[in-house]
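Before any comments, here is the structure.
The values are calculated or read from the model by the stated rules, or taken from the named source; none is laboratory data. In this text, all values refer to a predicted model and were calculated from it rather than measured experimentally. A quick note on method: Cβ atoms are made from the backbone with ideal geometry, for glycine too, and the neighbour counts reach across all protein chains shown.
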Amino acid sequence: MSYLSRNERREMILKAAKQLALNEGFNAMTIRRIATEAQVSTGQVHHHFESASHLKAEVFIELMDQLNEIEGELTTGTWYERISLLLGCENIEQVQPYLRLWNEAEVLIEQDSVIKQAYNITMERWHQVIVQLIDQGIAQSEFKILPTTTSQDIAWRLIAFVCGLEGIYQLGLKGLDENTFKRHSEMIIRLELFNKLQA
């Protein structure tokens with residue numbers, strides 16, 4: 001193997017860890033497995049990352065940023081469609097590995113403070129993107145919100161709703177399938193952003 005700089009070796013480890021995370025999830029991301037995938041020693045992984053949790057956290061943040069880029073490249077016709085997409089109401093195959101990883105991270109935040117911090121960072125970034133979309137929709141007269149609320153508050157409510165509904169959906173309860181998830185989500189988006197329920 002040719003000589004790699006410190007940054008190149010670190011990036012190689014990160015790249016292998018990101019691919020492993022997308023393919024198999026957080027549980028597969030052991031130091032030994034990442035080292036094998038990156039074709040480096042476990043000592044090299046430890047040399048570049050403070051702990052397995054810190055490596056997983058960095059991978060998670062980078063992958064969620066990557067998800068934002070992927071969703072940003074998808075074409076939508078309206079601000080409503082864009083928000084619906086970013087809230088996970090559309091079943092798009094290429095984003096499913098990222099959403100599975102998001103769900104895994106949500107479980108790990110109670111066990112791992114480093115993952116929790118990474119989750120908080122990505123949640124804040126998600127919120128900022130939704131706020132910007134709401135503001136753009138208002139500026140272009142697509143959305144009309146109640147004067148007693150703000151785009152920041154609406155963004156948090158929408159995120160809380162879809163996260164909660166997703167949690168219920170993951171339980172596999174009878175009557176809550178993918179179409180029902182989408183219908184409920186679209187209804188709450190319309191209630192918040194159109195100041196009335198539209199058919």
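Go through A28, A38 for me and flag whichever is surrounded by fewer than 19 Cβ atoms within 10 Å (Cβ to Cβ), farther than 16 Å from T122 by Cβ, in contact with a Leu (Cβ under 9 Å, 6 or more places away or on another chain) and of a type in the set (A, V, I, L, M). Can you show your working first?
Details: A38 fails: surrounded by fewer than 19 Cβ atoms within 10 Å (Cβ to Cβ).
So the residue among A28, A38 that is surrounded by fewer than 19 Cβ atoms within 10 Å (Cβ to Cβ), farther than 16 Å from T122 by Cβ, in contact with a Leu (Cβ under 9 Å, 6 or more places away or on another chain) and of a type in the set (A, V, I, L, M) is A28.
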Quiz item: Quick one: how many residues across the stretch 157-199 are acidic (D, E) and closer than 18 Å to T78 by Cβ?
Solution: 2
Quiz item: So how many residues does the stretch 149-189 have that are touching a residue at least 12 places away in the same chain (Cβ under 8 Å) and among the basic types (K, R)?
Solution: 2
Quiz prompt | the stretch 130-183, subset hydroxyl-bearing (S, T, Y) and assigned to a helix (DSSP H, G or I), residue modelled with the highest pLDDT | solution = S151
Self-check item: Conditions (1) of a type in the set (S, T, Y); (2) under 30 Å from E142 (Cα atoms); (3) modelled with pLDDT of 90 or more; number of the one not met by S53
Solution: (2)
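Would you mind stating whether I188 is among the β-branched types (V, I, T), under 30 Å from K56 (Cβ atoms) and touching a helix residue (DSSP H, G or I) at 6+ places or on another chain (Cβ under 8 Å)?
Numbers: among the β-branched types (V, I, T): yes; under 30 Å from K56 (Cβ atoms): no; touching a helix residue (DSSP H, G or I) at 6+ places or on another chain (Cβ under 8 Å): yes.
Criteria not met by I188.
Need a quick list: helices (runs of 4 or more DSSP H) entirely within the stretch 1-70 having at least 3 residues that are closer than 20 Å to Q111 by Cβ.
Working: elements: 6-24, 31-38, 42-48.
Passing ranges, in order: 6-24, 31-38.
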Practice problem: Just one of (1) assigned to a loop (DSSP other than H, G, I, E, B); (2) buried (at least 19 other Cβ atoms within 10 Å of the Cβ) trips up I115, so point out which. | Solution: (1)
